[in-house]
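All remarks here apply to the structure that follows.
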Amino acid sequence: MAEYREVQSFPIAPRLTQNPKPHVNDSTYKSDHAASLKNPDEFWGKLAREMLSWDVPFRTVRAGGFENGDVAWFPEGQLNASYNCVDRWAYKNPDKVAIIYEADEPGNHEEVTYGQLLVQVSQLANALKKMGVKKGDSVIIYLPMCPQAIVSLLACARIGAVHSVVFAGFSSDSLRDRTVDCEARVVITTDEGKRGGRTIATKSIVDAALKECPKVEHVIVVKRTGNESVQLQKGRDQWWGDVCSRERAFCPPVPVNSEDPLFILYTSGSTGKPKGVVHSTAGYLLGTALTVKHVFDVHENDKFACMADVGWITGHSYICYGPLMNGVTTLVFESTPVYPTASRYWDVVDKHKITQFYTAPTSIRLLRRLGEEHVNKADLSSLRVIGSVGEPINPEAWEWYNKHVGREQCAIVDTYWQTETGSIIITPLPGATKTKPGSATNPFWGIDPVLLDPQTGKEVTGNEVEGVLAIRNPWPSMARTVFNDHQRYLETYLHPYRGYYFTGDGAARDKDGYIWIKGRVDDVLNVSGHRLSTAEIESALISHPGVAEAAVVAMPDETTGQAICAYVTMKGDYDGATDDSLTKELVLVIRKNIGPFATPKRIIVAPDLPKTRSGKIMRRILRKIASNEGDQLGDVSSLADPSIVDKIKELTAKK
Ligand code: PRX
């Protein structure tokens with residue numbers, strides 16, 4: 001625990017001691033957190049009435065529990081997510097800007113007001129209805145970052161349809177699998193995408209995927225680049241503009257039950273098959289609304305910039321739902337932190353006078369490496385709160401963020417959460433928490449985190465201890481099931497340690513009770529904040545005709561946090577490519593099966609893999625070798641062939 005002991009602690013940031021006054025201070029945080037655990041019905045009932053608009057009020061606050069995985073919040077209530085995110089603000093102040101769209105090319109930006117957003121959401125919702133989409137039906141959204149992505153999410157929600165966004169970096173195979181799994185009949189995409197000056201052939205990826213999705217009847221295509229070579233398939237595809245312009249500019253929102261699903265989002269687990277994580281409506285909206293308000297200390301005229309992609313949970317919760325639930329302005333950013341230069345983020349903050357900025361440690365590390373001059377020249381005085389998410393942030397990156405972006409004036413929030421938690425669960429609060437670089441600090445309201453001994457499952461109490469991180473009690477925005485596989489939900493999250501939600505992360509609690517997230521304890525990798533399963537990459541590799549076995553492990557990387565290191569053995573009779581061209585083939589296989597973001601940093605062709613006598617691959621040994629800790633392997637004499645270890649070390653050392 002020595003590494004957690006002596007770090008510097010940072011007081012409340014100067015800008016949070018001025019106007020506007022932060023919503024929470026140290027004593028209100030503590031008393032509200034205690035109340036949220038002691039009287040959850042009273043605590044959450046009050047907030048749900050205050051923060052959500054209901055068509056039918058709820059009577060019960062909480063029902064069910066972890067044992068059967070039948071958690072339900074506000075069960076008799078009915079509401080509509082798009083009404084809550086759009087109509088409420090559009091009626092009050094239609095000219096307020098809801099979305100700032102900052103396009104890939106600097107200088108191109110558009111604003112969408114709440115009034116315009118209501119019209120756009122209504123028109124698409126009406127069009128979807130005409131295509132036969134009904135309450136409970138799934139719609140696949142395969143869109144890069146554009147305002148239409150937000151409109152699509154909300155249009156689905158308006159008619160009670162369930163959106164399932166597939167990150168536009170996924171390959172056609174991944175898109176196909178997700179489209180088939182959630183039984184979608186409609187897909188929304190663009191002709192092409194633009195990112196970092198490059199063009200992404202989204203429509204042709206959709207076309208390839210849909211060859212094997214017989215249920216899909218309609219494709220709506222947003223015209224982004226206008227490339228004339230992009231073809232529409234007659235009878236199936238229509239331009240977004242044509243589809244929407246025919247429709248009436250108002251669509252009545254359909255009230256849904258609090259527990260009706262709002263969306264499915266596929267995420268990687270410890271098996272090869274991604275899970276369709278299902279979020280419900282009321283609890284999710286409450287969690288995202290509340291965390292935007294308090295974790296980012298958002299006030300009425302704020303402009304919130306979350307630089308994630310809408311294809312991941314961070315984009316769902318902190319580009320779309322959370323900011324719009326608070327009626328503030330949200331940024332949709334199409335580009336990258338380094339396009340056209342490494343000052344792009346800061347130019348955007350400066351240009352739009354962004355007040356909250358939220359990104360991942362991998363971007364912070366990249367920008368830190370590229371030099372201070374890019375950030376120092378921008379006027380960042382509008383910022384109050386800057387956040388980090390997705391992976392542990394190393395203290396050096398935290399301090400750089402604080403000094404050069406926050407200028408030692410802003411609150412830094414290292415926010416810990418997951419696709420499954422729906423919203424932030426462990427985090428500092430800007431006006432309340434003294435921060436320590438590298439620690440996500442304290443639980444948000446309603447969260448009762450515990451550390452468990454991984455072997456015995458017993459709670460590890462006291463401070464200066466480590467264990468696996470679990471949550472003792474249900475909270476409103478937690479995922480309710482895995483689509484069409486409730487058993488998997490139970491087995492993954494609720495049954496490993498009975499009575500708790502299991503996060504899959506290891507964590508430590510320091511002498512002050514602060515929580516430090518240490519990373520996954522399962523077979524999930526975190527590359528640039530993107531979540532990948534080793535099994536998924538391994539099964540892609542094995543689909544190559546020459547590959548006999550594959551084992552994928554994480555290796556540390558200065559920029560991306562973790563990188564992928566793949567070990568493969570070839571079939572005895574394989575006499576195909578040489579090592580070099582084989583590596584290229586294997587990269588292609590992964591890009592086709594998953595997507596470019598899953599490309600391994602190293603692929604090592606080995607004569608064999610370290611295995612037990614019963615034939616189990618010892619990934620632990622490979623992990624150590626890939627992490628340059630090959631001298632800490634301990635006793636390997638029980639392996640079927642101990643001599644393989646040295647051979648693999650040698651191959652790994654060779655660049
Ligand atoms: O390992 C944790 C890491 O990201 C995982 C969740 O990934 P995903 O579902 O893709 O959601 C990412 C965005 C919420 C977690 O199990 N993680 C997330 N935030 C942090 C983190 N690790 C350390 N510190 C964080 N702040």
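The values are calculated or read from the model by the stated rules, or taken from the named source; none is laboratory data. All of these numbers come straight from a predicted model, not from anything done at the bench. No Cβ is skipped: glycine too gets one built from the backbone with ideal geometry, and neighbour counts run over all protein chains shown.
More than 13 Å from the ligand (Cβ to nearest atom) and closer than 22 Å to Thr503 by Cβ, is that true of Thr433? Taking the combined requirement at face value, the residue satisfies it.
Quick check: anything in the stretch 340-349 among the charged types (D, E, K, R) and either more than 16 Å from the ligand (Cβ to nearest atom) or under 25 Å from Trp475 (Cβ atoms) (or both)? Yes, some residue in the stretch 340-349 is among the charged types (D, E, K, R) and either more than 16 Å from the ligand (Cβ to nearest atom) or under 25 Å from Trp475 (Cβ atoms) (or both). Within the stretch 475-495, the presence of at least one residue that is touching a residue at least 60 places away in the same chain (Cβ under 8 Å), farther than 27 Å from Ala411 by Cβ, surrounded by fewer than 20 Cβ atoms within 10 Å (Cβ to Cβ) and among the acidic types (Asp, Glu) is confirmed. Just for the stretch 290-306: of the residues that are crowded, with 24+ Cβ neighbours inside 10 Å and over 16 Å from Pro430 (Cα atoms), which one is farthest from the chain's Cα centre (by Cα)? Step by step, filter the stretch 290-306, then rank; the result is Ala305. Can you find a residue that is closer than 28 Å to Gly65 by Cβ, in contact (Cβ under 8 Å) with a residue 24 or more places away in the chain and β-branched (Val, Ile, Thr) anywhere in the stretch 333-351? There is no residue in the stretch 333-351 that is closer than 28 Å to Gly65 by Cβ, in contact (Cβ under 8 Å) with a residue 24 or more places away in the chain and β-branched (Val, Ile, Thr). Among the conditions (1) assigned to a helix (DSSP H, G or I); (2) more than 16 Å from the ligand (Cβ to nearest atom); (3) among the hydrophobic types (A, V, I, L, M, F, W, C), Ile319 misses just one, which is (2). For the criterion of being within 14 Å of Thr503 (Cβ to Cβ), among the polar types (S, T, N, Q) and crowded, with 19+ Cβ neighbours inside 10 Å, Thr421 passes. Does Leu16 qualify as being farther than 30 Å from Leu490 by Cα, outside any loop (DSSP other than H, G, I, E, B) and at pLDDT 95 or above? The answer is yes for Leu16.
Conditions (1) away from the ligand (no atom under 16 Å from the Cβ); (2) closer than 23 Å to Ala507 by Cα; (3) more than 15 Å from the chain's Cα centre (by Cα); (4) not in a strand (DSSP E or B), marked per residue:
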position	(1), (2), (3), (4)
Thr362	no, yes, no, yes
Leu367	yes, no, yes, yes
Ser381	yes, no, yes, yes
Glu391	no, yes, no, yes
Trp398	no, yes, yes, yes
Lys403	yes, no, yes, yes
Val413	no, yes, yes, no
Pro428	no, yes, yes, yes
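Selection of the stretch 73-91 for residues being closer than 14 Å to Phe250 by Cβ and part of a helix (DSSP H, G or I) yields Ser82, Tyr83, Val86, Asp87, Ala90, Tyr91. Contact map, the stretch 592-611: residues that are in the same structural domain as Ser637 (by the TED database) paired with residues that are among the acidic types (Asp, Glu) and assigned to a loop (DSSP other than H, G, I, E, B), Cβ distance under 7 Å, separation 6+ or inter-chain. Pairs shown: Asp608/Asp641.
If a residue must be touching a Lys or Arg at 6+ places or on another chain (Cβ under 7 Å) and among the polar types (S, T, N, Q), how many such residues does the stretch 37-75 contain? Residues in the stretch 37-75 being touching a Lys or Arg at 6+ places or on another chain (Cβ under 7 Å) and among the polar types (S, T, N, Q): 1 in total. The residues on offer are Val310, Val222, and the sole one that is closer than 30 Å to Ser363 by Cα and within 16 Å of the ligand (Cβ to nearest atom) is Val310. From the set of residues in the stretch 582-632 that are acidic (Asp, Glu) and in a helix (DSSP H, G or I), which is farthest from the chain's Cα centre (by Cα)? Out of the qualifying residues, it is Asp631.
Each residue in the stretch 217-232 was checked for being in contact (Cβ under 8 Å) with a residue 60 or more places away in the chain and in contact with a Ser or Thr (Cβ under 9 Å, 6 or more places away or on another chain), and 3 pass. Scan the stretch 335-378 for residues that are in contact with a Gly (Cβ under 8 Å, 6 or more places away or on another chain) and closer than 30 Å to Leu117 by Cα and jot them down. Across the stretch 335-378, the qualifying residues are Ser335, Thr336, Val338, Tyr339, Pro340, Gln356, Phe357, Tyr358, Thr359, Ala360. Where strands (runs of 3 or more DSSP E) fall entirely within the stretch 486-581, those with at least 1 residues that are away from the ligand (no atom under 16 Å from the Cβ) and modelled with pLDDT of 95 or more are at 547-557, 561-570. Filter the stretch 89-112 down to the residues that are charged (D, E, K, R) and free of Cβ contacts under 8 Å to residues at least 24 places away in the same chain, then identify the one that is surrounded by the fewest Cβ atoms within 10 Å (Cβ to Cβ). Filtering the stretch 89-112 for residues that are charged (D, E, K, R) and free of Cβ contacts under 8 Å to residues at least 24 places away in the same chain, the one surrounded by the fewest Cβ atoms within 10 Å (Cβ to Cβ) comes out as Asp95.
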